[in-house]
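J.: Here it is: the structure, laid out below.
The values are calculated or read from the model by the stated rules, or taken from the named source; none is laboratory data. Everything quoted here is computed from the prediction, not taken from an experiment. Here the Cβ positions follow ideal geometry from the backbone for every residue, glycine too, while neighbour counts run over all protein chains shown.
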Amino acid sequence: MRWRGQRKSDNIEDRRGMRAPSPMGGLGGGGGLLNLLPMVFKLFGFKGGVVAVLAIGAYGLLSGNLGSMLGGGAGQESLSSQEEGQPVRQSAEEKTLVDFVSVVLADTEETWRQLFRQMGGEYQEPSLVLFRGATKSGCGFGQAAMGPFYCPGDRKVYIDLSFYSDLKDRFKAPGDFAQAYVIAHEVGHHVQTLLGVSRKVQEAKRTLGEVEGNKLSVRQELQADCFAGIWAYHADRSRQLLESGDVEEGLTAASAIGDDRLQKQSRGYVSPDSFTHGSSSQRVKWFKTGLKHGELAQCDTFSVKRL
């Protein structure tokens with residue numbers, strides 16, 4: 001990609017210097033009644049401990065403070081107010097990645113700002129959060145093991161840059177355009193939020209069983225792949241960011257993270273009813289669809305009978 005020297009986004013939120021929160025009980029350790037249980041039983045014995053726990057639990061229910069007593073309050077407080085960050089220590093390679101991510105995000109802003117303007121609307125730009133290990137989000141506790149994700153609750157994209165090592169080494173999808181595809185896909189979910197697609201999907205899934213809900217999730221994910229292709233179409237034609245081999249890198253990445261391929265690698269067999277993102281061939285197909293046409297109308301994965 002010809003990304004060097006291009007505009008960087010102002011919507012980068014760098015949390016890499018912050019200490020990662022734990023899922024319960026605050027930063028670096030738990031609190032509340034759950035962590036006191038061993039001490040309670042040691043002091044009162046088993047029977048006495050059970051009585052003490054029941055009494056405290058009854059008080060919590062009556063007072064409305066059971067969640068905080070169990071440690072949930074402390075956890076929520078830590079998730080909404082992480083500690084002040086330390087200066088970020090980063091290698092030269094990581095700094096280059098940060099610059100790259102910022103440029104890609106800025107370019108998605110250019111594409112979607114133009115397309116929303118053509119539709120008579122205004123594009124609301126998402127933020128992209130850089131973190132290490134774990135972080136809070138408007139959708140709950142986020143971990144690096146989850147991979148990059150988008151949260152419609154706070155309209156932010158989250159990524160631990162170590163994922164790019166996994167993309168290259170574990171998923172065998174190297175290259176800067178493969179990395180850009182990942183960001184463009186998550187921004188695609190943001191576009192779905194702005195268009196009301198995400199809300200409609202969530203509402204529909206409340207009335208569906210697991211298998212049918214999974215099928216709807218697949219259609220949503222494939223549309224985000226198509227939206228990533230739309231970005232690539234405009235990045236190439238309007239700003240000539242793409243170089244020879246870039247499209248192949250993107251297609252390799254889309255194929256590498258297909259549900260069928262990931263399931264085969266992890267458990268040795270494939271279960272289509274449990275797909276949530278689509279097969280490798282489906283992900284490649286819809287990314288190529290967006291890349292070929294560059295139009296939202298071509299990305300209606302919800303209307304087609306065959307994905």
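J.: Which of (1) in contact (Cβ under 8 Å) with a residue 24 or more places away in the chain; (2) part of a loop (DSSP other than H, G, I, E, B) is the odd one out, the single condition Gly120 does not satisfy?
T.: The one condition Gly120 does not meet is (1).
J.: Then there's this: Regarding segment 103-113, can at least one residue be identified that is over 21 Å from Arg4 (Cα atoms), modelled with pLDDT of 95 or more, of a type in the set (D, E, K, R) and assigned to a loop (DSSP other than H, G, I, E, B)?
T.: Within segment 103-113, none of the residues are over 21 Å from Arg4 (Cα atoms), modelled with pLDDT of 95 or more, of a type in the set (D, E, K, R) and assigned to a loop (DSSP other than H, G, I, E, B).
Yes/no per residue for (1) closer than 17 Å to Glu221 by Cα; (2) touching a residue at least 40 places away in the same chain (Cβ under 8 Å); (3) surrounded by 14 or more Cβ atoms within 10 Å (Cβ to Cβ):
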site	(1), (2), (3)
Thr135	no, yes, yes
Gly147	yes, no, yes
Cys151	yes, no, yes
Asp154	no, no, yes
Ile159	no, yes, yes
Tyr164	no, yes, yes
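J.: Further question on the same structure: Confirm whether Ala184 is touching a residue at least 24 places away in the same chain (Cβ under 8 Å), surrounded by 21 or more Cβ atoms within 10 Å (Cβ to Cβ), hydrophobic (A, V, I, L, M, F, W, C) and within 30 Å of Glu94 (Cβ to Cβ). Walk me through it before giving the result.
T.: Values: touching a residue at least 24 places away in the same chain (Cβ under 8 Å): yes; surrounded by 21 or more Cβ atoms within 10 Å (Cβ to Cβ): yes; hydrophobic (A, V, I, L, M, F, W, C): yes; within 30 Å of Glu94 (Cβ to Cβ): yes.
Criteria met by Ala184.
J.: Right, next: Looking at segment 222-307, what helices (runs of 4 or more DSSP H) fall wholly within it and have at least 2 residues that are of a type in the set (Gly, Ala, Ser), at pLDDT 90 or above and surrounded by 15 or more Cβ atoms within 10 Å (Cβ to Cβ)? Give the steps one after another, and end with the answer.
T.: Working: elements: 246-256, 259-267, 280-293.
Those helices (runs of 4 or more DSSP H) span 246-256, 280-293.
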